[in-house]
Amino acid sequence: MSAVNERRERERAQRHQLIITAARELAEAEGWEAVTTRRLAERVEYSQPVLYSHFNGKDAIMRAVAIEGFGELAARLRRARLASPESPQALHAVCRAYLEFSTEQPALYQAMFVLPTDVKFAHAETPPPLRAAFDEFVSCFRSDNQRRELFAEVTWSALHGIVVLADSGRIPPNVQEERLDFLVTQFADTPAAQ
């Protein structure tokens, strides 16, 4: 590849990332309904046709944001798990990191888990960052636990329920730690969880 082509590819990758970053910032500030291709084009100072040369519309942008978010979530969960390598402390740390992530970046969390998307979960086409985040939950359970993926899936599902119900005001947010302790107690590796 020539130096000119390398530079063009680098500039294209930078524009691509700039669009993703702008969409995230706008969504966190004003909500996803405020994210339009027109507003993004203005924000990144490129024409809408340039934006469309990177993404096929808002859904594709949200998908890219979600996948980037899964990578960030996976890294955060990994740091939490490695900081507390013993179960059930590792599971508790990973669950807490998940809840904190959802609270700190609600629009990103919505793109990842709430808004419609074509990102495949539990499928051969699951993006690697999503699989990496799920694997951090799996790693909290002993490798000889034949049902460790099931336990990870149900734990993640319970956390998602807590996030959505607390965010919508259907359950009070002030007892989050009690919910977390209860969840970990139910799912941590115990003789019943093997």
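Only the coordinates and a few stated rules stand behind these numbers; no lab work does. This is a predicted model, so every value here is computed, not measured. Please note: Cβ atoms are built from the backbone with ideal geometry, for glycine as well, and neighbour counts cover all protein chains shown.
Quick notes on this structure:
- Per-peptide average of other Cβ atoms within 10 Å, ordering 115-127, 95-107 highest first: 95-107, 115-127
- Loop-located GluC sites (Glu not before Pro) in segment 12-68, at most 12 other Cβ atoms within 10 Å (DSSP): E45
- Whether segment 1-55 is rounded, prolate or oblate, judged on the alpha carbon gyration tensor where a/c under 1.5 counts as rounded: prolate
- With the charge dipole of the chain set up from +1 on Lys and Arg Cβ and -1 on Asp and Glu Cβ about the Cα centre, the Cα lying farthest toward the positive end among the listed residues L115, P127, F141 is that of P127.
- Computed on segment 64-194, the Cα convex hull volume stands at 102 Å³ per residue.
- Every helix of 4 or more DSSP H residues in the chain counts as -39500 (n - 2.57), and over all residues that averages to -22000 deg cm²/dmol at 222 nm.
- Ordering of 69-82, 162-175 by burial proxy (mean other Cβ atoms within 10 Å per residue, highest first): 69-82, 162-175
- Counting Lys and Arg as +1 and Asp and Glu as -1 over every other residue whose Cβ lies under 14 Å from the Cβ of D118, the net charge comes to +1.
- Dipole orientation for segment 1-55: of the candidates M1, G31, Q17, M1 has the Cα lying most toward the positive pole (charges on Cβ; Lys, Arg +1; Asp, Glu -1).
- Rg to Rh quotient for segment 1-157, alpha carbon positions, Kirkwood Rh: 1.05
- For segment 45-50, the Karplus equation 6.51 cos²θ - 1.76 cosθ + 1.60, evaluated at θ = phi - 60°, returns couplings of 6, 10, 6, 4, x, 5 Hz by residue, with Gly and Pro reported as x.
- The 3J(HN,Hα) values that the Karplus relation (6.51, -1.76, 1.60; θ = phi - 60°) gives for segment 133-141 are, in residue order, 5, 4, 4, 5, 5, 4, 5, 7, 10 Hz. Gly and Pro appear as x.
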